[in-house]
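Structure, as C-alpha cells:
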Amino acid sequence: MAGPAMQQPSFLLANLKIDSTTKPFLQCCQELVKIIDDYPAKELHLIFPWLVESVFGSLDGVIVGWNLRFLQACSNQYNIVMDFLNPSGPMMKLVYKLQAEDYKYEIPVSFLPGPVKVSIQEGVLPDCPLLNNKLHFPLSGLQTLSLALNPFEYYMFMFASSLITPKNYSLGQHVSSLDSAYFVLVDTYLKYFLPTEGSVPPSPFTNKRGSVSPPAPRAPSVPFAGYGTHSTSLLKRHISHQPSVTADPAAQEIWRSEALLQVFVEMWLHHYSLEMYQKLQSPQVKVRINILICACVHAPFFHLKHEPFTPTEEHVLVVRLLVKHLHAFSCSLKPEQVSSSAHSHTSPLEELKRVVVHRFVQQKLYVFLQHCFGHWPLDASFRVVLETWLSYIQPWRYTGEKTNPQTDQNKGVPEKWSLFVQENLLMYTKLFQGFLNRVVRTDLVNVKNALMVFRVAKVFAQPNLSEMIQKGEQLFLEPEHVLHHRQHRCFLSPGHGGSFLSARQPVVTDRVFRVKSHVYGLEGQDCQYKQMFGTELRGTVLKLIQIIDQARQTAKKISDQSAEVAANNSFMSWFGMGSPDLNYTFNGGEVDDTGACVKTHEFLERSLDYLCQIFRLNAGQLSQLMATLGSGQDDGNSKQLPDSVQGEKGLILTDLGRMQVINGLRRFEIEYQGDPELQPIRSYENAILVRLFFKISSLVNERFGGHMDALCSRSDFLGQLGRHYLASPEAAADGRSPETRVTAERNRRPRLSLRMLASYRTLLMLLLLYLFGALFSSGPMSSTLLILTGGVIKTCTSILTSMGKENVGFWQK
C-alpha cells in the first residue's frame, strides 16, 4: 500500500487510529484540525498516508473511507466533511505544509490504469506527464515498482482513484446522485485550481527555496516525424527530466492546476481495451525498460494482466463535469489573448487556457468515448455517455453568455469555432458513425432511445456545423504532396514534459497539417478514414431513416390506442375482457430541451427532419424513400411473422427480422399450447374454484373415461353431442407444442372440463341469470334447470344445423 518511503514508529499515528474507532466523527475532525495546526511537518509526514486512506479509502478497496460518493447533503456529517476537505480547509493545509518540505509518497504501479501498466510492462514509458521522473526502481526487483509522488499529487491521486476503485459497501449505500459530497468536491476543486475568473490562490507555505516545489521542467521538443505522436524512450525521458533548480518561474503559478488536471485525466480517462492500446502504440518507440534497470537489478520482468474496464454511470457523469468545466475554463480566455500572437506577454494561466483541451484531454477522451460506444449496453443508460460526447463537441455552449435554447438553435455555430471542429474532426465523424451503429440495433419505439436520437440529430443540425465538418474532411483529403515543404515543423504533443509552459514551440498555422496530424495521431498512419458525408455512410443514414420512420409509425399507433387500451384494461380486464396484448401498453413521453413533454413519435418526427437537414435530403427524396419502404409492406404486416430462416432447432431471425422485432413492426404470436387444464391461473379466474373444479373433473374423467370414449366414438347425434362437450379441440388443433406424444394423446382423449365455471365472467353471467329468474319468482333449482335446458337446446340446435348443411352438400355433389 502507498506510504512514505521510510516508515518510522509514530505514537501520534497510533493514538489517531485508536481515536478514529472510539470517538465521535465530529470530535475526531476537530482534533485533526488542531494537530495539523500545532504539529511540525516531520510528525505530520508519518500520519499523512493513513489520513488520506481513511478519508478516500484504500487503493485495493478494503478500506471504504468516508463514503464520499454516497454522502448526501441531508447527512449530519456532510458539512463537517466539506469544511475539512475544502481547498482552503485543514486537509489542504496539511498538504501544503508537507509540500514545502519535499516529502514523497509511493503508489504501486499495480494500481495504475490498465493501459499504463501494460505500457510499462512492454518497456515503454506511457504518454503520461504524471509519470515523468516519478518511477521508483527498487533494488529488490520490479515486482515492487512504484511512483514517488509529492504530497499534492498523492492527495489528488487518492481522491481521483476513489471514484473508480471497487469497494465493499454495505447494503443501502449504493445510491449516489449529483449532489453527493464527492461530486461537489470535484466541482469545487476544478473551480478553485482552474478558475474561470481571477487566478489560482497562492499556497500558504513555502520551502527553503522560497516556493512550493513545482513539477520537473518540460523537455525540449521532439522533431515531428510523420503525422502521429510518438513517445520517446524511457531511458532518454528519465534522464531528461531530472529535477532542476532553474525551473521556469512561470510554472510556479499554475503547477497545482496542471498536477490536478493530469491526475484527473490519467485516472478517469486512461481506461480502454488492450486492443485499443496496442493500436495506439508505435513500433519505433518500444525500447525495453530493461535497458534502464539492468545495471541495478537482474530480476525477471513482472507481468501485469490487463483486465477489461467498464466505466460506471457515476464515472461518466464526473468525466462530463470535467469536460464542461474545461470548456468553460478555456472559453474564459480574454479576447485580446485569443487574437494575440505575442505569447510572451500572456500569463501562465491564460496560456494554459489556450491549450488545455487540445493537449490534455482530446486524445484520451476520444479513446475513452470510443471504448464506451463499443462496449456500453444497448439500453437507455447510454444517455450519460451520449451527453458527455455532446458536451465536448459543443464548446460554444460554455462561453458564459446567456442564450435561449430556441434562438440559439436557429443562430447556428459561430465561424470562430471552425478551427476547433477541424482539430477534433474524429470526435464528430468517427463517433457519429459509432452512434449510428448503435442506433440501428436499438429499440426506437422506446421513448428514451428515441430521445437520444433526437438529441444527436438536433446537435448536428445546428446551422454551419455540418459545413464545418465537411470542410474538415476536405482538408484531410487534400493530396500529400502539398505538405512536403513543411517537413521540419514540430507537432505539439502533451506527453513530452512535466509542464507545458516551460518551453515555447512554433505554432502550426496550416489547417491541412492540423487536421491530418489530428486524424493520424489518433487513428494511426494506416487508418482508413470513412467520410461522414461519403456514399458509404450515406447508405447507413438512409437505412436509419427507414428504421426511424417504421418506429415512428409503430409509436404513433401505440400512442393512438393507448387511451382506449388503458381504459379497457382498467375495468374490463377484471372480467377477462381486456386486451391481453402487452405490446400495446402506453410508453409515455420524455421532457425535451424546452421542458415540454414530448411523445415518442414526435421525437422521431423531429429526428427525421434534422437528419434531412444534416445530409441535405429534400422532401422529394424523403417521400421516395418512404414510398419504397411502404411498397414492401401491407396492412396486415403486424400479423405476419418476422423475417427468419429455418434452422435445425427452429426459426432463426435474420438482421431484418431482428430490426422488425426490436421496433415492434412484427412479432411472434405467443400462446399457450400445452394442456388447457394445466395452464396458469388467469387474472380473470378464481384460483380456489379453478383448483376445486380441476379435482372434480379429474375424478369424473378417471372414473368414467371409458364411457366417454365410447360415447364420442359414435357417429350419430349422441356422439356429436358428446364430442361437443367432452372433446379437447384446443390441444388437437395445433401440433407445434413441444409436448411428448404420450401427453398429446392423453390431452386429445375426451374428458370433462369445468374450468370455464371458475371465470369471473361466467360467474357474473350466472348471477345475472339467477337474479333475472328471481324477478319471476323462480327458485334456485328451477333457475338451474332452466339454464341447463337452455344450454342443451342451443347445443342441439347448432349440431342439427351443422348436420343439415353436411347433408345438403352431400346431395349437391
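Protection proxy ranking of 458-466, 255-263, 521-529, by the mean of other Cβ atoms within 10 Å over each peptide's residues and highest first, is 255-263, 458-466, 521-529. Take the Cα radius of gyration of segment 759-807 and divide it by 2.2 N^0.38 Å, N being the number of residues; the result is 1.49.
Would you please classify the overall shape of segment 27-120 from the alpha carbon gyration tensor, given that a ≥ b ≥ c denote the square roots of the eigenvalues, rounded means a/c under 1.5, and beyond that prolate means a/b larger than b/c while oblate covers the rest? List each step's numbers first, then the result.
Values: a/c = 2.32, a/b = 1.21, b/c = 1.91.
Oblate, because a/c is 1.5 or more while a/b does not exceed b/c.
Anything over 19 Å Cα to Cα? Flag those among Lys411/Lys458; Lys416/Lys471; Lys324/Lys471, in the order listed. Display every interim value, and only then the final one.
Details: Lys411/Lys458 13 Å; Lys416/Lys471 14 Å; Lys324/Lys471 26 Å.
Checking Cα-Cα distances, Lys324/Lys471 exceed 19 Å.
Within the shell defined by Cβ-Cβ distances under 9 Å, the residues around Met708 carry a net charge of +1, with Lys and Arg each +1 and Asp and Glu each -1. Just the protein heavy atoms count here, and of the accessible area of segment 759-807 at 1.4 Å, carbon and sulfur take up 77 percent. Give me the net charge of Ile614's neighbourhood, meaning all other residues with Cβ under 13 Å from the Cβ of Ile614; Lys, Arg count +1, Asp, Glu -1. Around Ile614, the charge tally is +2.
The residues of segment 759-807 expose on average 75 square angstrom of accessible surface per residue, using a 1.4 Å probe on protein heavy atoms.
The values are calculated or read from the model by the stated rules, or taken from the named source; none is laboratory data. None of these values were measured; they are calculated from a predicted model. FYI the Cβ positions are ideal-geometry reconstructions off the backbone, even for glycines, and counts take in every protein chain you see. Heavy atoms of the whole protein, side chains included, go into the accessibility calculation; ligands, DNA and RNA do not. Shrake-Rupley method; radii C 1.70, N 1.55, O 1.52, S 1.80 Å.
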